[in-house]
Amino acid sequence: MASLLGETLFVISGQGPAPMKDYFQFEIRQSEVIWRWWKISLRSECRNQKPGQLRESHEDYIEDQHLQSQVAMVFGLHILQYSKNLCQGHYDYIVRLPNSLLLKILAHLDLEDISGLSRTCCRFRELCKSEEFWEQTVRKNSETVTPTLEDLANEVGWRTIFFTNKLQLQMQISRRKQRENQPCEDTNEPRSF
């Protein structure tokens, strides 16, 4: 499982809470924590101030109440708790799995479970919205997927295909076939319907 972990375990950046304008970055690597900040101010005495950086070992970070309070103030208590968990060796391996393996796992879940999973983190939200996931879902729930249906899915998206009822799909496919079978018109006259 350790091979799933890269050098960087977590990175987040953003502006401090109002009225603060300063910008912060918090990075957790396998052996250290890095806290970076950039002072943003219109005051002339702050214009030449260089960005700052603090590096600490995981053990030092766990003991550093001041840095923890800054992390909580800028990024919230949930990020503080998550960072402490990472520094204590409690890794979230499932979000580090490759997409191909996660898609195989998702194939065994109900749509209600997919909806809940998509709200847990950005990685799962993107994966549950992906065309690969919805193509897999359509193929799993359909007896056959014709080349015409594949073309339509590439045009409108696999998720749309999944949530469109069969009668509407048949109508869209027949309209598509009619458009493909119509000869090209060279005139610029409007069509009458």
Over the stretch 37-59, the set of residues acidic (Asp, Glu), part of a helix (DSSP H, G or I) and within 31 Å of the chain's Cα centre (by Cα) is Glu59
For the stretch 8-32, enumerate the residues that are part of a strand (DSSP E or B) and surrounded by fewer than 14 Cβ atoms within 10 Å (Cβ to Cβ).
-> Thr8, Val11, Ser13, Gly14, Gln15
For the stretch 38-51, pairs from a residue that is under 15 Å from Met20 (Cα atoms) to a residue that is in a loop (DSSP other than H, G, I, E, B), with Cβ under 6 Å and 6 or more apart or across chains, are Trp38/Pro51; Lys39/Asp22; Lys39/Gln49; Ile40/Lys21; Ile40/Asp22; Cys46/Lys39
Given the stretch 92-155, what helices (runs of 4 or more DSSP H) lie entirely inside it while holding 3 or more residues that are open to solvent by 60 Å² or more (accessible area, probe 1.4 Å) and among the charged types (D, E, K, R)?
-> 122-129, 131-141
Would you mention how many residues in the stretch 62-80 are in a loop (DSSP other than H, G, I, E, B) and over 17 Å from Gln15 (Cα atoms)?
-> 1
The lone condition Gln81 fails out of (1) open to solvent by less than 60 Å² (accessible area, probe 1.4 Å); (2) within 30 Å of Glu56 (Cβ to Cβ) is (1)
Kindly list, by first and then second residue, each pair from a residue in the stretch 147-165 that is closer than 14 Å to Glu132 by Cβ to a residue that is outside any loop (DSSP other than H, G, I, E, B) and aromatic (Phe, Trp, Tyr), limited to pairs with Cβ atoms under 6 Å and residues at least 6 apart or on different chains.
-> Trp158/Trp134; Arg159/Trp134; Phe162/Trp134
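The values are calculated or read from the model by the stated rules, or taken from the named source; none is laboratory data. Values in this document were obtained by computation on a predicted structure and should not be read as measured data. Because the Cβ atoms are built from the backbone with ideal geometry, glycine has one as well, and the counts that use them run over all protein chains shown. Note: areas computed on protein heavy atoms with side chains; ligands, DNA, RNA excluded. Shrake-Rupley method; radii C 1.70, N 1.55, O 1.52, S 1.80 Å.
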